[in-house]
Amino acid sequence: MKSIALVTCAASLPIDYDMPPLLDALATLGMQTQVCDWEDPSIDWAGFDAVLLRSPWNYIDQLPTFLRWCERVESMTTLLNPAVVARFALDKHYLAALSSLGVPTVPTQFIESGMDPHEAIRALLAAHPESGDVVVKPTIGAYSKNVQRFAREQAHEAGDYAASLLANGSLVIVQPYLPLVDEVGETNLTYFDNAYSHAIRKSAMLLADGTVNVPTLDLRAAREADEAERAVAEAALRAAAQYMGLARPLLYGRVDLIRDKQGRPVVLELDICEPSLNLPFAPGSALRFAQVLARRLGG
Ligand SMILES: Nc1ncnc2c1ncn2[C@@H]1O[C@H](COP(=O)(O)OP(=O)(O)O)[C@@H](O)[C@H]1O
Ligand SMILES: [Mg+2]
């Protein structure tokens with residue numbers, strides 16, 4: 001019987017809506033499971049056949065520690081997805097890597113340390129005269145944390161906000177706000193072993209008045225991804241695997257797409273480390289995931 005550690009943290013377990021259906025599905029296939037806090041020093045990670053990254057979402061404030069933990073666990077047993085994926089995927093600089101490999105992504109300007117944030121925002125707005133608003137966010141983040149939308153007339157406030165993120169040690173992303181998200185939402189596509197499983201629609205999180213929604217379940221709904229979306233998502237997964245030099249396809253991954261001004265899908269986010277997989281929206285998806293995992297572990 002294979003034993004699997006499902007990795008979470010105390011603060012995130014209550015909002016990990018994938019955990020209950022996944023535990024059920026793994027049990028159905030006769031796998032032994034244990035929900036584990038990655039920071040629990042008493043756990044013997046070597047005792048599991050696989051350690052599955054599920055919801056260790058407090059990594060945001062301690063990324064170097066979390067990455068070291070991933071590497072330590074990987075030296076003892078199978079970590080899924082592997083540590084190299086965590087290193088790549090938990091910092092949105094990967095958008096530059098995807099774009100360099102020809103994947104359509106949201107136009108992104110990085111503000112690295114030492115750069116003038118006001119100048120970077122002026123440059124972004126000048127490069128996108130058609131764009132009304134601008135989005136400022138940290139390169140390391142999740143759950144819309146510290147993501148802010150500003151009107152073009154608030155470029156100065158946007159620069160001040162970016163400066164405050166830099167002062168707190170974050171590097172920063174600025175993007176034009178792609179307004180079609182208000183009408184058509186965002187599409188999140190879930191893949192297992194490079195095979196499309198299901199998708200959801202997520203409502204726009206950044207309201208024009210500056211309010212930031214958190215992506216609770218009521219702001220998500222089942223949706224089929226269309227052919228153009230699937231082509232972009234698959235290109236993104238292929239490019240990421242190529243960039244990292246992976247020998248095997250990613251066990252799981254989620255690709256988040258919004259539409260550009262012309263209505264073409266572009267990558268907003270690639271979540272291939274510890275994604276919400278939206279299993280509750282797709283009957284059968286938890287079992288599909290469990291089957292792929294069982295196959296990967298050889299039985
Ligand atoms: N450039 C953008 N245009 C439109 N909406 C955006 C843009 N960037 C972020 N958003 C909105 O903010 C939310 C959070 O941003 P995202 O880049 O997905 O970061 P996180 O890692 O916090 O989920 C998205 O779900 C989307 O609704
Ligand atoms: Mg997101």
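Annotations
- Positive end of the dipole of the chain (Cβ unit charges, origin at the Cα centre): among A208, A228, P107, the Cα lying farthest that way belongs to A228.
- Partner lysines whose Cα lies under 30 Å from the Cα of K137, excluding those fewer than 8 positions away in the same chain, are identified as K92, K145, K202, K261.
- Cα Rg, Dmax (largest Cα-Cα span) when computed across the range 218-299, Å: 14.2, 47
- For the chain, the mean projected area of the C-alpha convex hull, equal to one quarter of the hull surface, is 15.0 nm².
- 222 nm mean residue ellipticity, helices alone, for the chain (DSSP H n ≥ 4; -39,500 (n - 2.57); rounded to 500): -9500 deg cm²/dmol
- Farthest toward positive dipole pole in the range 3-82 [+1 Lys/Arg, -1 Asp/Glu at C-beta], among C70, S12, T33: C70
- Accessible-area composition of the range 94-139, carbon plus sulfur, in percent [1.4 Å probe]: 55 percent
- Alpha-carbon centroids, the range 50-96 and the range 120-157: separation in whole Å: 28 Å
- Of A204, A239, A46, the one that fluctuates the most in a GNM where the chain has Cα springs shorter than 10 Å: A46
- Efficiency of FRET from Cβ geometry, E153 and Q291, R₀ 41 Å, rounded to 0.05: 0.20
- GNM on the chain, alpha-carbon springs under 10 angstrom: the most fluctuating residue among E119, E130, E157 is E130.
- Global dimensions of the range 143-287 from alpha-carbon coordinates: Rg and Dmax equal 16.4, 50 Å.
- Highest-MSF residue in the chain out of P138, P179, P64 [GNM, Cα springs under 10 Å]: P64
- Inter-label distance for D116 and N213, nm, one decimal - labels placed 7 Å from Cα along Cα-to-Cβ: 3.8 nm
- Cβ-based charge dipole, the range 109-176, positive-most Cα from A158, A126, G169: G169
- Shape class for the range 3-82, computed from the alpha carbon gyration tensor (a ≥ b ≥ c): oblate, with a/c not under 1.5 and a/b at or below b/c.
The values are calculated or read from the model by the stated rules, or taken from the named source; none is laboratory data. None of these values were measured; they are calculated from a predicted model. Positions of Cβ are backbone-derived with ideal geometry, glycine not excepted, and every protein chain shown enters the neighbour counts. Only protein heavy atoms, including side chains, enter the accessible area calculation; ligands, DNA and RNA are left aside. Shrake-Rupley method; radii C 1.70, N 1.55, O 1.52, S 1.80 Å.
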